[in-house]
Amino acid sequence: ATPPSPAPAEPRSSSDERNQSRINPSRESMDASAAAAGGGDGTQRTLNPYVTGNSVIAMKYKDGVIMACDTGASYGSTLRYKSVERIKEVGKHSLIGGSGEFSDFQEILRYLDELTLNDHMWDDGNSLGPKEIHAYLTRVMYNRRNKFDPLWNSLVLGGVKKGPKGDEKYLGMVNMIGTHFEENHIATGFGNHMAIPILRGEWREDMTFEEAVKLIEKCLLVLLYRDRSSINKFQIAKITTEGSTIYPPYALKTNWGFAAFENPSKGAVGTW
Amino acid sequence: NGLRSLRPPRSRRPRRNLIKEGRKRDTGHRTAPLRLLLQATNSGDSTTSPPSSPPSPTTAMSRRGDWVYENNGGTCVAIAGADYCVVAADTRLSVGYNILTREHSKICELADKCVIASSGFQGDIKALQKNLAARELLYQHQHNKRMSCPAMAQLLSNTLYYKRFFPYYAFNVLGGLDSEGKGCVYSYDAVGSYERTGYSAQGSGSTLIMPVLDNQLKSPSPLLVPARDAVTPLSESEAVDLVKDVFASATERDIYTGDKVEIVVINKAGTRREYIELRKD
């Protein structure tokens, strides 16, 4: 007996909707799309994300760039992996955070490894800064999209590097089809809807590290409460001219002590 | 027997499935019909119900159309004068109902007398502008001079048509000074058909702006003989004021236009740039 067809796709209102995990990725949808995409020559390309990471939030602060995300990766509606590191260092000057298909993120890390290795082997005193890596990733994502074989990710690239005007902080984002831009604060996935309004209201130019952490925790908490695929285990990373630090994972304090939650059947006995 | 002897005997050759072969071959990256382009413009952010027909090459194409393009919005305007050209574009980058950033430039200076403004899918726009800038550099190296605006106009048209079956989702407006120093504006569609005009608007707010420009700049009919000059007799500052006005008006009604407008003015003396604030809602 054939398995039941999957639930219809959720309304797509933003590019990051593509990053949201499909409800129950079933074999049937994979077969159908594979067969259709294959056509005559039998090649198959992944057209759906399977194991997906959540939002990544990042912003510039006084000394550099701070980035945070949760450590979960979902398989459809299952919270399959709970200790996944989705922020990594790239070279000496940058941090990369990825949401979306986790295996594609690992592939991107492999590309970046090759890139930084080659750069290191030149041994000419130069090193790739965040701007260069952002440009490289933009080209990679765009060209994969052109071949109809995308890396199903939204990447956040942040870093600090000495430039002609002193230490230049840089923060940018690329999505799976190559749309890219630079901003003072970035959020992918659901963060676009929930964290960006907070950041737009409360971000200031010269925040100290403590203030930046407080602001980012505020955003992470909102996502924890309202994004069903987020878990209460977060990692914060920062990058300054001294170098990068990825802090160990920790949990945020949540408050569920609302009167309506305490006794939910108060007004309607028998409800659950 | 020649080549015949090299082929394995008929019985050993694998049976070809002629029915499968008869179906149109999916040639992958070379073909993505204009239908995808139209899907991206028409469906926007409403729930598109998937087609209920069985998987066939056409459905595969439309399924690919779900994600290969996106419309990042924005409006571009250009006005040509007797000895100047004004090219302007807003700086908002959107996707669906979200604003990604309020400070994103859609304008690229390709040559000293040639500026392009594009709206549409930002990935394609950046790739296209990068492509043109690289070709202009090559031209400089080969001809020991910068590309003129009419030459760039033809190059842009050819570049767009080159990707006729998987288009650059970019709606372009090219502005600058021609070889005589007169203002020129070229307006394009996504696949490269273009025309030299006196003024043009492209992008999400173009339908709001174009009628106003038609009214204010009173372009002579292209059917007149002898052909009348389409460049406006307005002065540079009057043209810039008109551009500010049309953007302010478009911002009121078009959700994808707003934040800031970047105005680039090219004249004999060179190029200057100014930014005017627009409504941020």
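Every number here is computed from the coordinates shown, using simple stated rules; none is lab data. Please read all numbers here as calculations on a predicted model, not as lab measurements. In this analysis, Cβ positions are derived from the backbone assuming ideal geometry, glycine residues included, and neighbour counts consider all displayed protein chains.
Descriptive notes on the structure:
- Those residues of segment B:94-138 whose amide nitrogen sits under 17 Å from the label point placed on B:ARG279, 7 Å along Cα→Cβ: B:99
- Cβ-based net charge around B:ALA127, under 11 Å, with every Lys or Arg adding one and every Asp or Glu removing one: +4
- Under the simplified labelling scheme, the A:LEU109-B:LYS182 pair shows an inter-label distance of 6.2 nm, with each label point 7 Å from Cα along Cα→Cβ.
- Under 17 Å of direct C-alpha separation, and excluding same-chain neighbours fewer than eight residues apart, B:LYS244 reaches these lysines: B:LYS106, B:LYS260, B:LYS280.
- Take the Cα of B:HIS143, step 7 Å toward its Cβ, do the same at B:ARG196, and the gap between the two points is 1.4 nm.
- The mean number of partner chain beta-carbon atoms within 10 angstrom of a residue's beta-carbon across peptide B:91-98 is 4.
- Averaged over A:179-190, number of beta-carbon atoms from partner chains that fall within 10 Å: 3
- Label sites at A:LYS214 and B:VAL225, each approximated as a point 7 angstrom past Cα along Cα to Cβ, lie 7.8 nm apart.
- Two-site FRET efficiency, A:GLU85 against B:SER105, from Cβ-Cβ distance with R₀ of 35 Å, rounded to 0.05: 0.50
- For segment B:82-143, the set of GluC sites (Glu not before Pro) satisfying both a DSSP loop assignment and a count of at most 16 other C-beta atoms within 10 Å is given as B:GLU103.
- 10 Å beta-carbon shell around B:LYS182, net charge (K/R +1, D/E -1): -4
- Qualifying lysines (Cα of each under 16 Å from Cα of A:LYS169; at least 8 residues distant if same chain): A:LYS60, A:LYS62, A:LYS92, A:LYS131, A:LYS161, A:LYS238
- Of the trypsin sites (Lys or Arg not before Pro) in segment B:72-163, the ones in a loop by DSSP (not H, G, I, E or B) with at most 12 other beta carbons within 10 Å are B:LYS145.
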